[in-house]
Structures are given as C-alpha cells and as structure tokens.
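The values are calculated or read from the model by the stated rules, or taken from the named source; none is laboratory data. These numbers were taken from a predicted model, which means no experiment stands behind them. Backbone-built Cβ (ideal geometry, glycine too); neighbour counts: all protein chains shown.
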Amino acid sequence: MRLPDAGFASMAPAGAMTAAVRPAAQGGNFSRLWSEVNAEVRHFIEHGGSGAGEAVFVEGAWRRWQLEQSAATPSSAASVSTEDQDRFLAEVGTQAAEAARQLGVSPELVLAHAALESGWGKRPLRNADGSDSHNLFGIKADANWRGAALQAMTTEHENGVDEHRQERFRSYPDMGAAMNDYARLLRSNPRYQAALNTGGDAVAFAQGLARGGYATDPDYARKLVQVARQLQSRD
C-alpha cells in the first residue's frame, strides 16, 4: 500500500520560503541546510523555473528541509547503547556493504534501515522454533514468496489508527541471503526506484522508501534519516 504524504506540510507557494518562515534555530546544520534549500529555490526560479514546475520544485525543497529538521527528534532506534550498536554493525557490516553496492547507496543507509527495522538486532523476527529468521528489514511474505516464512505480530498505521495484526514474514537461512533478497526487492520493484543510486543522501533514500510504501508509519522517513545521520556522524 502506498503511504500517504503524512508528516509533511502541504505544497508551499514560491514565496513561502522567506524570513517570515525562517526557522528559529539559526546555528549549525539548520542554518546551513536552510541556506542551501533557499539557494536552490532561488536558482531554480531565476533560471527559468515557472508555473507548475516551479511549484513542484519548491514543494520538494520545502519537504526536504522539514524532514532534515525533524530528524533531530530522537527515535527509539537511536536509544540503544553504543556497545550494542557496535556489536550489531560488526555482525552485519560486510553483508550490508554488498547490498549497498547493489543499490548504489552508502553502507550507512542500509545499516540504518536494518537498525531501524530490527531495533539494532534487539527485536529479531524468530521462526516458530525460536531460531533467527535473519529478516532484519521486516520484509513480508506475500503470495509470490516461495521460501520459508513465519508468523509474527506487527503494527500497521491505516486511516490514522495503529492496528496490531499477525502477518507472514520471510525467513532466510543466513544473513547473506537476507541482504541479497533485500537488495533484489528494492532493485526489482518500481515503487522503490527513487531510493536507488542516492549515494549517501539519507533524505532521498528515506523518502524513496516511504513514498514507495515500504512502511505504513507516517513518520518512517524521519526515523530512518535520524538513524542514518547517527551512523554518518561516526565517520
């Protein structure tokens, strides 16, 4: 199911990005990002942007700024101890790097996605016998899935309400198989094409997944960006 654009402001008119709506926090990354977005909009308008094209561009820039700003709000995925985070990264880092290569993104983005979905490996999806399914990305088993599967409770956000339900999820023999299937899913599904080849751009990657309907959580993109920023800041 395609996610609605919840969590974002409605389309901002071309004149909206003025001092009247300039963020109160002027220092550090907020000030830098505001200047970059404002410069992008002005450059687009001054070099031929007009009409509907201008409005679409401004809306995209405005949403990007909002998402970057809101990523400063802590999420539960970021509250795991540094020791546990390091352990998780060491366990899946090599396979994540290969998946990232296939997707055209930085390894930090794949690692952030796995960390968000699995709680840094603290919330594993387990098979009926208690063994690890290695499904770090919460990928469901639809009617076309021919591999092993498990049943687990999940929360879906529909019509403004969180609903708890049992769903089928894919199970993998090892982490390599899980990462390869994740990369194949994103590469082969046209809904996620906007997330591919985004390099280290956490916002573009997160928005590509969210708009493609990867999750029903309307705050999904912000949460993913926040974890990605945390990993990128380690460099």
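Being assigned to a strand (DSSP E or B) and surrounded by 19 or more Cβ atoms within 10 Å (Cβ to Cβ) is the filter here; which residues of the range 84-140 pass it? Can you show your working first?
Our first condition is that a residue be assigned to a strand (DSSP E or B); within the range 84-140, this holds for 105, 126, 132, 140.
Correct list: Val105 only.
Residues of the range 121-170 being among the charged types (D, E, K, R), within 19 Å of the chain's Cα centre (by Cα) and closer than 16 Å to Leu185 by Cα, which ones? Result: Lys140, single match.
The single condition among (1) crowded, with 17+ Cβ neighbours inside 10 Å; (2) modelled with pLDDT of 95 or more; (3) outside any helix (DSSP H, G or I) that Tyr192 does not satisfy is (3).
Results for (1) over 17 Å from Gln95 (Cβ atoms); (2) of a type outside the set (S, T, N, Q), shown as yes or no for each residue.
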residue	(1), (2)
Asp142	yes, yes
Leu150	yes, yes
Glu167	yes, yes
Ser171	no, no
Leu185	no, yes
Asn189	yes, no
Ala195	yes, yes
Thr198	yes, no
Gly208	yes, yes
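Quick check, is Gly147 part of a loop (DSSP other than H, G, I, E, B) and among the small types (Gly, Ala, Ser)? Taking the combined requirement at face value, the residue satisfies it. Of the residues making up the range 205-230, those that are of a type in the set (D, E, K, R) and more than 9 Å from the chain's Cα centre (by Cα) number 4.
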